[in-house]
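Q: Below you will find the structure I want to go over with you.
The values are calculated or read from the model by the stated rules, or taken from the named source; none is laboratory data. All figures in this text were calculated on a predicted structure; none of them were measured in a lab. Neighbour counts run over all protein chains shown; Cβ positions are idealised from the backbone, glycine included. Heads up: the accessible areas ignore ligands, DNA and RNA and are worked out on the full protein's heavy atoms, side chains in. Shrake-Rupley method; radii C 1.70, N 1.55, O 1.52, S 1.80 Å.
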Amino acid sequence: RNLMRVACRHRPASKPVGRRRLRSPLVNASTDVVGKKTSNKLPAISPAKDDDYADRICRLVHDAFKTTCIPGIRNALETAPAQTLPPPKAWPVWDEEAIATLTATPQCPGIARPVSLVIAASVPTLLGWYGYYKFSIEEELYEAEIRKPGGRATGFGGYGTLLPFVYSVILSVACRLADHPTASDYFFEVGGAWILATQVNLYVRVNELCKEAFPDESPPLHSWWAVLPPPMDVVVGLRQVHYLARYSAYVRGEQLDEDVVAEEYFPFIASERFTLAEFVREPKRWFAF
């Protein structure tokens, strides 16, 4: 309840939560008009090298599961060229600015989604919107990788990440209803192991991206914290949301305003990299109140 009050607090009018367009050499934007495309088309896909089996497997898994998606849904979720979105607000989430970010399909480069907005949309929907967030960022990272000159895929995209987990859960429920508890447990464990492994891989990739964009800073995430019990898995998950938003804003040539949730009320989200011992011994990292 306290977390929602923090995430949903109005920002002062003089300092709105949002993003401002910058003149950046990383993004060749053709327009800064809100809601307009900043490029006419997506870059061409770089072909996979014959001897790069990791890249080829990632693409194979992504494409195979993408074909299992309903065509209408698949077409609606196609990655689009980057658009300049209006500055999002954490609350109310039905405001035009927030809805534009919450409902945007994956873009290349990926959209900067502030952690305050992710919390405000995920908690009331019982993490339903977080599933869409997870799909979107995985698809955006995948598309950015394969469309970079000489690029290679290091993840399975939104389809290859989410659908194996979803299908495993569906099979688990079906087996449970058919009175096959052993098979039900097996499929559930397989799905859980898959989504956990891809989460660890996501943290590794976010570290690499931040290292590329912010070479003077330490990688922000301990990827292995994903396998720890709560609250540490939540801690590293929130940090991933924040730092990926920061990276996305950087490559899109945008400037995110201060996120009060991440940088003021819960400083562990936006702070520099820290160890488990430092987190336990330094309560100042936990909360600012």
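Q: Scan region 69-81 and report the pairs whose first residue is under 28 Å from residue 251 (Cα atoms) and whose second residue is open to solvent by 60 Å² or more (accessible area, probe 1.4 Å), with Cβ atoms within less than 9 Å and a gap of 6+ or a chain change.
A: Here the result reads 74/67; 80/37; 81/37; 81/40; 81/41, each pair linking region 69-81 to a residue that is open to solvent by 60 Å² or more (accessible area, probe 1.4 Å).
Q: When residues of region 227-247 are filtered for being without any contact (Cβ under 8 Å) to a residue 40 or more places away in the chain, assigned to a helix (DSSP H, G or I), open to solvent by 30 Å² or more (accessible area, probe 1.4 Å) and more than 17 Å from residue 195 (Cα to Cα), how many remain?
A: Looking only at that region, the number is 0.
Q: Also, I was wondering about something else. Just to be sure I understand the filter: pairs with C-beta atoms under 8 Å, separated by 6 or more residues or on different chains, first member in region 180-206 and in contact (Cβ under 8 Å) with a residue 40 or more places away in the chain, second member of a type in the set (Phe, Trp, Tyr). Which pairs pass?
A: Going by the 8 Å Cβ cut-off, the qualifying pairs are 198/156; 206/243; 206/247.
Q: Would you confirm, using the coordinates I've provided, whether residue 224 is surrounded by fewer than 17 Cβ atoms within 10 Å (Cβ to Cβ), of a type in the set (Phe, Trp, Tyr) and touching a helix residue (DSSP H, G or I) at 6+ places or on another chain (Cβ under 8 Å)?
A: So residue 224 fits the description; yes.
Q: Residue pairs, Cβ under 9 Å, 6 or more apart or interchain, first in region 50-66 and closer than 13 Å to residue 152 by Cα, second basic (Lys, Arg) and surrounded by fewer than 14 Cβ atoms within 10 Å (Cβ to Cβ). List them.
A: Close Cβ pairs (under 9 Å, with a partner that is basic (Lys, Arg) and surrounded by fewer than 14 Cβ atoms within 10 Å (Cβ to Cβ)) amount to 55/49; 56/49.
Q: Which condition breaks for residue 175 when tested against (1) within 22 Å of residue 249 (Cα to Cα); (2) crowded, with 16+ Cβ neighbours inside 10 Å?
A: The one condition residue 175 does not meet is (1).
Q: Could I ask something else about it? For a quick check of your reading: which helices (runs of 4 or more DSSP H) sit entirely within region 52-150 and have at least 3 residues that are open to solvent by less than 40 Å² (accessible area, probe 1.4 Å) and over 30 Å from residue 266 (Cβ atoms)?
A: 53-66, 128-146
Q: On to the next question. Does region 256-263 contain at least one residue that is in a loop (DSSP other than H, G, I, E, B), in contact with a strand residue (DSSP E or B) (Cβ under 8 Å, 6 or more places away or on another chain) and under 26 Å from residue 108 (Cβ atoms)?
A: yes
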